[in-house]
Amino acid sequence: MADSSDSVSVDMETISLGGKEYLVKTCFGAVSVVVFGDQDKPALVTYPDLALNHISCFQGLFFCPEASSILLHNFCIYHISPPGHELGAAPIGSDDLIPSADDLADQIVEVLNFFGLGAVMCMGVTAGAYILTLFAMKYRQRVLGLILVSPLCRPPSWTEWLMNKELLLKRYFSKEVRGSVVAPESDIVQACRRLLDERQSINVCRFLEAMNGRPDLSEGLRKLHCRSLIFVGENSPFHSEALHMTSKLDRRYSALVEVQACGSMVTEEQPHAMLIPIEYFLMGYGLYRPTLSISPRSPLSPSCISPELLSPESMGLKLKPIKTRISL
């Protein structure tokens with residue numbers, strides 16, 4: 001377990017519903033980790049997208065009762081923020097070394113060692129999905145499985161190089177929830193805009209610079225034999241990236257779920273589309289709720305699930321590509 005002499009613990013109860021923040025010292029600076037749940041349970045590590053943290057990237061998923069029933073029943077959650085992305089973060093000094101994507105992956109190992117964790121389940125969104133995939137490729141024995149949302153595995157396109165705040169909102173959300181002349185922005189977009197306004201730009205630029213210099217992981221993905229579940233919104237600017245990554249993974253151990261009428265951040269925009277695929281994915285590890293029930297709000301019903309989804313394979317369940325949609 002964590003040694004309090006090596007970190008600072010901050011009470012985050014009003015924000016994280018009982019979570020506790022640790023500032024863990026690493027070779028690449030302090031990193032914020034918000035721990036939520038029973039630390040005797042298996043660990044689920046999360047990593048958010050650029051300019052986000054666990055509140056702005058994962059609260060839609062983790063705050064819905066069905067997800068709590070699945071995820072918190074089985075795991076203790078360790079929300080890792082990129083350096084300087086935690087709530088209330090001060091600007092990082094301009095003289096501090098800018099960590100590379102490799103450095104950020106190595107930082108995760110230090111976090112796991114600090115908490116005394118062995119192999120963990122990982123969940124990441126876009127840039128965070130890239131960091132966790134790189135971590136899984138470098139430290140295969142430390143990863144049980146990957147749940148990736150709108151992931152990246154190739155170097156950045158020119159479009160990514162030209163990011164600004166408005167483009168960040170386009171990066172995260174579909175056109176339907178971003179609003180228009182006749183329709184207002186949705187609550188989740190307004191909340192995200194406020195959080196972006198509070199973010200320290202230099203801290204975001206450091207993470208962006210690390211991601212702009214990321215190496216291509218495509219050729220190494222075939223050797224990644226931990227099970228991987230990939231979600232992507234059909235309107236995500238990274239939709240083709242997710243399809244490319246899926247094509248490079250071993251199909252015996254991976255599955256793709258495309259979510260209709262959704263942008264990149266499925267965790268916020270359509271979290272219920274993730275519930276049933278995650279539930280069946282975790283069954284392959286022997287992790288599930290004692291009484292399996294399907295929420296009336298879930299996008300899938302038993303009649304929508306292909307029988308092949310439940311076929312046992314050498315690594316557990318075989319997941320097939322599924323398209324999901326919920327009413328907006």
Practice task
Output the number of residues of region 179-220 satisfying the condition of being β-branched (Val, Ile, Thr) and farther than 27 Å from Ala101 by Cβ.
Solution key: 4
Practice task
Identify, by number, the condition in (1) of a type in the set (Val, Ile, Thr); (2) assigned to a helix (DSSP H, G or I); (3) touching a helix residue (DSSP H, G or I) at 6+ places or on another chain (Cβ under 6 Å) that Val111 doesn't meet.
Solution key: (3)
Handout entry: Candidates Glu241, Glu219, Glu258, Glu209 - the one that is open to solvent by 10 Å² or more (accessible area, probe 1.4 Å), of a type in the set (Asp, Glu), assigned to a strand (DSSP E or B) and on the phi < 0 side of the Ramachandran plot
Key = Glu258
Exercise for the section: Given the conditions (1) open to solvent by 30 Å² or more (accessible area, probe 1.4 Å); (2) basic (Lys, Arg); (3) outside any loop (DSSP other than H, G, I, E, B); (4) at pLDDT 80 or above, report the number of the one that Arg171 does not fulfil. Expected result: (1)
Practice task
State all residues of region 73-99 that are open to solvent by 50 Å² or more (accessible area, probe 1.4 Å) and either touching a residue at least 60 places away in the same chain (Cβ under 8 Å) or within 16 Å of the chain's Cα centre (by Cα) (or both); if no residue qualifies, say none.
Solution key: His73, Leu87, Ala90, Pro91, Ser94, Asp96, Leu97, Ile98
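The values are calculated or read from the model by the stated rules, or taken from the named source; none is laboratory data. In this text the structure is predicted, and so the values were computed from the model without any measurement. So basically every Cβ, Gly included, is an ideal-geometry build from the backbone, and we count neighbours across all protein chains shown. In case anyone asks, the SASA skips ligands and DNA or RNA and just uses the protein heavy atoms, side chains included. Shrake-Rupley method; radii C 1.70, N 1.55, O 1.52, S 1.80 Å.
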